[in-house]
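One structure is given here, and the rest of the page talks about it.
Only the coordinates and a few stated rules stand behind these numbers; no lab work does. Please read all numbers here as calculations on a predicted model, not as lab measurements. Here the Cβ is made from the backbone with ideal geometry for all residues, glycine too, and neighbour counts use every protein chain on show.
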């Protein structure tokens, strides 16, 4: 099952490394942070950088929640496991499938490319292909799109890389 740890924003990588070193593999199948790529202009050169897709969250995969819960007590800086009330709830199958399709095996949402036709965005390449309906806002200059996705049982606003290569009409 896939679970989500809530951590202080900016400490995600530290928590991921602590989980990998402090929790036995028999308990923790995988611990990861989904990232997205964005293009930044640095000293006149376009470079691709990785940014955290869900700031303040680290994802863990385990089959033994009770042992994971105990082992997490050795992780410094952890806020909590996400759940409802006193119950720790795994991601839904729909949320898990979305992450698997969107970020792939390495959980990095690659840059997408698209065009604007009139007032319609058409994504021609990348993970946003066919997901134009999720796009709430774009910034052509920053090469970003903001999406509304259902995650952790509520709507989350996330940024991803989107380069508009052409505008028609």
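Could you give the length gained by full extension between residue 47 and residue 139, i.e. 0.36 nm per residue of separation minus their alpha carbon distance, to one decimal place?
Working: separation 92, 0.36 × 92 = 33.12 nm, distance 1.72 nm.
So the extension gain works out to 31.4 nm.
By the equivalent-ellipsoid construction on the alpha carbon gyration tensor, region 115-167 comes out with semi-axes of 20, 11, 9 Å, ordered largest to smallest.
Taking the highest mean first, how do the peptides 100-111, 1-12 order by number of other beta carbon atoms within 10 angstrom per residue? Intermediate values should be presented prior to the final figure.
On the way: 100-111: 15.5, 1-12: 17.2.
Those peptides, ordered most packed to least, come out 1-12, 100-111.
How large is the convex hull of the C-alpha atoms of the chain per residue, in Å³? Please report the intermediate quantities before stating the final value.
Details: hull volume 20.5 nm³, N = 169.
Output value, Cα hull per residue: 121 Å³.
Taking Cα atoms only, the orientation of helix 93-103 departs from the longest principal axis of the chain by about 50 degrees.
Here region 150-169 and region 24-58 have alpha carbon centers that stand 16 Å from each other. Relative contact order of region 1-114: 39 percent, from C-alpha pairs under 8 Å at least 6 residues apart in sequence.
Using helices alone, I'd like the mean residue ellipticity at 222 nm for the chain: each DSSP H run of four-plus residues gives -39500 (n - 2.57), total over residue count, nearest 500. Let's see the in-between values first.
On the way: 3 runs with 29 residues, N = 169.
Taken over the chain, the calculation gives -5000 deg cm²/dmol.
In degrees from 0 to 90, rounded to the nearest 10, what is the angle of the helix 12-22 Cα long axis to the longest principal axis of the chain? Roughly 30 degrees, rounded to the nearest 10.
Taking neighbour Cβ counts within 10 Å as the exposure measure, how do 57, 36 sort from fewest upward?
On the way: 57 21, 36 27.
Ordered from fewest to most neighbouring Cβ atoms within 10 Å, 57, 36 come out as 57, 36.
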